[in-house]
Amino acid sequence: MYRLFTSRLLNLFPEAKFIHIIRDPRDNLYSHIKTFKSKNTLFTAMHWMKYNQGVEKQKKRMPEKYFTLFYEDLVTKPEQKLKEVCNFLQVEYSDSMLINTFPEAIRKFEGDKDKLELIKVIHQNLMFPINTSHIGKWEKGLNAYDRTTVEIISGKFAHEEYGYAISKPVNNKIVPFTKILKMRCLFFIWEIYTKQRFNYFGHNMRYYQKKKNKRLAKLTKK
C-alpha cells in the first residue's frame, strides 16, 4: 500500500528509508486466505505483483533508499538479516531485537476486548518466536484454482525477478483469461481510487472504521 505514496512520504520525511520485504506469492496468498478470510484470489495475486513491480521501479530511481529483504531469509537467518537491516538504517544492532515482546506489548489492550481479540486473530503468529513453519504452507493449503491463479499472474515475475521456483502453467483450463483481464482493469481503477481516497483524511478514517468493524465481525464470528 505505501508504495503508492512513496513520493508523499519522502516529501514529509526526506531522510526516510524503505525496507522492501518479499515473500513467495503463493505463501502470501495462503496467508491472506487463512488469516484475513480473503476470497478474492485474483485481486490478492494481482496486488502482490503490482506492488512489487512498483517498488522495483522505485528502486531503480533511488536504490540508496531501499533494502531488499526476503521473508524466507529473515526467518531462517534472523540475526544475520537484522544486522544487515541495522547497517542499512545506520542504527546499532542489539540481541534484544531477536526477543519476541509482542505478547507483553498487547497487554495494554486488555481493557478493550474487541480490539484485543482482533489483534490476536490477525497477528496470532506474532505470539510465537521467529520460526520457519510458514514457509511452503501453500503446497497443502492452496486448492488448484488458487494455485493456478497466483502462478498465472505472478509466476513469471516472481521467478525472473526474485528467483522463486515458480513457472506459469502451460495448459490453463481452470482460470478464464477474461477474468484475469477484468481484474487487471479493476485493479487499475482501485489504485486510482485508493490514491484519491487517502487525500481526504475524514473519509479515509470512516472507511477504515467501517472496514475494521466488518473484519472484527467476520473474524470473531462463531
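The values are calculated or read from the model by the stated rules, or taken from the named source; none is laboratory data. Worth saying up front: this structure is predicted, and the values here are computed from it rather than measured. Neighbour counts run over all protein chains shown; Cβ positions are idealised from the backbone, glycine included.
Does E84 meet the test of being farther than 30 Å from K168 by Cα, out of contact with any Lys or Arg (no Cβ under 6 Å at 6 or more places or on another chain) and at pLDDT 85 or above? In short, yes. Among the residues that make up the stretch 128-147, is at least one of them surrounded by 15 or more Cβ atoms within 10 Å (Cβ to Cβ) and within 17 Å of Y51 (Cβ to Cβ)? Looking for residues that are surrounded by 15 or more Cβ atoms within 10 Å (Cβ to Cβ) and within 17 Å of Y51 (Cβ to Cβ), one finds none in the stretch 128-147, hence no.
Can you name every residue in the stretch 59-71 that is surrounded by 14 or more Cβ atoms within 10 Å (Cβ to Cβ) and either closer than 28 Å to N11 by Cα or hydrophobic (A, V, I, L, M, F, W, C) (or both)? Those that are surrounded by 14 or more Cβ atoms within 10 Å (Cβ to Cβ) and either closer than 28 Å to N11 by Cα or hydrophobic (A, V, I, L, M, F, W, C) (or both): K59, K65, Y66, F67, T68, L69, F70. Would you mind stating whether I153 is among the β-branched types (V, I, T) and not in a helix (DSSP H, G or I)? Answer is no for this residue. Looking only at the stretch 124-141, filter to residues that are out of contact with any Asp or Glu (no Cβ under 9 Å at 6 or more places or on another chain) and of a type in the set (A, V, I, L, M); which one of those is farthest from Y71 (Cα to Cα)? Once the filter is applied, the top-ranked residue is M127. For the stretch 105-122, check the following and say yes or no: at least one residue is surrounded by 12 or more Cβ atoms within 10 Å (Cβ to Cβ), assigned to a helix (DSSP H, G or I), within 19 Å of the chain's Cα centre (by Cα) and free of Cβ contacts under 8 Å to residues at least 24 places away in the same chain. Yes; the residues of the stretch 105-122 include at least one that is surrounded by 12 or more Cβ atoms within 10 Å (Cβ to Cβ), assigned to a helix (DSSP H, G or I), within 19 Å of the chain's Cα centre (by Cα) and free of Cβ contacts under 8 Å to residues at least 24 places away in the same chain. If you check L74, L42, L82 for being farther than 29 Å from L10 by Cβ and among the aliphatic types (A, V, I, L, M), only one passes: L42. Residues of the stretch 11-42 that are surrounded by fewer than 16 Cβ atoms within 10 Å (Cβ to Cβ), outside any loop (DSSP other than H, G, I, E, B) and in contact (Cβ under 8 Å) with a residue 24 or more places away in the chain: I19, I21, K34, T35, F36. Is it the case that T101 is surrounded by 16 or more Cβ atoms within 10 Å (Cβ to Cβ) and either of a type outside the set (F, W, Y) or at pLDDT below 95 (or both)? No.
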